[in-house]
Amino acid sequence: MLKKILIAPFLLLVRFYQYVISPLTPAACRYSPTCSHYTAEALKKHGLFRGGWLAIKRIFSCHPWGGSGYDPVP
């Protein structure tokens, strides 16, 4: 229960990005699932700290010299 309360504001931010900001920008994510979907799933599956760390690592690796392709949440 506490886990859901802690991650709720962050999931709200991800949803805001997905529905308001993302449609206004060109698709640029090199991974599948996209970084925002990965972040939401990581937070739900691993909680705020581990899921947040996985999301940060993923977002920082999403650049032209980083990886690409299918990269599911561990």
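The values are calculated or read from the model by the stated rules, or taken from the named source; none is laboratory data. For clarity, every value in this text was computed on a predicted model and none was experimentally measured. Glycine gets a Cβ as well: all are built from the backbone with ideal geometry, and neighbour counts include every protein chain shown. For accessibility, only protein heavy atoms count, side chains too; no ligands or nucleic acids. Shrake-Rupley method; radii C 1.70, N 1.55, O 1.52, S 1.80 Å.
General remarks:
- Candidates Ala8, Ala55, Ala42, filtered to the one that is more than 20 Å from Gly69 (Cβ to Cβ) and open to solvent by less than 70 Å² (accessible area, probe 1.4 Å): Ala8
- Scanning the stretch 17-67 for residues that are basic (Lys, Arg) and modelled with pLDDT of 90 or more returns Lys44, Lys45, Arg50, Lys57, Arg58.
- Note on the stretch 15-39: among residues that are among the hydrophobic types (A, V, I, L, M, F, W, C) and within 18 Å of Ser61 (Cα to Cα), the one that is least open to solvent (accessible area, probe 1.4 Å) is Cys35.
- Test result for Gly66, small (Gly, Ala, Ser), part of a helix (DSSP H, G or I) and surrounded by 11 or more Cβ atoms within 10 Å (Cβ to Cβ): no
- Output for the stretch 18-52, where each listed residue is among the aromatic types (Phe, Trp, Tyr) and closer than 13 Å to Ile7 by Cβ: Phe49
- Neighbours by Cβ (under 8 Å, 6+ apart or cross-chain): first from the stretch 46-66, in contact (Cβ under 8 Å) with a residue 24 or more places away in the chain and closer than 21 Å to Ala27 by Cβ; second surrounded by 13 or more Cβ atoms within 10 Å (Cβ to Cβ) and aliphatic (A, V, I, L, M): Arg58/Ala42
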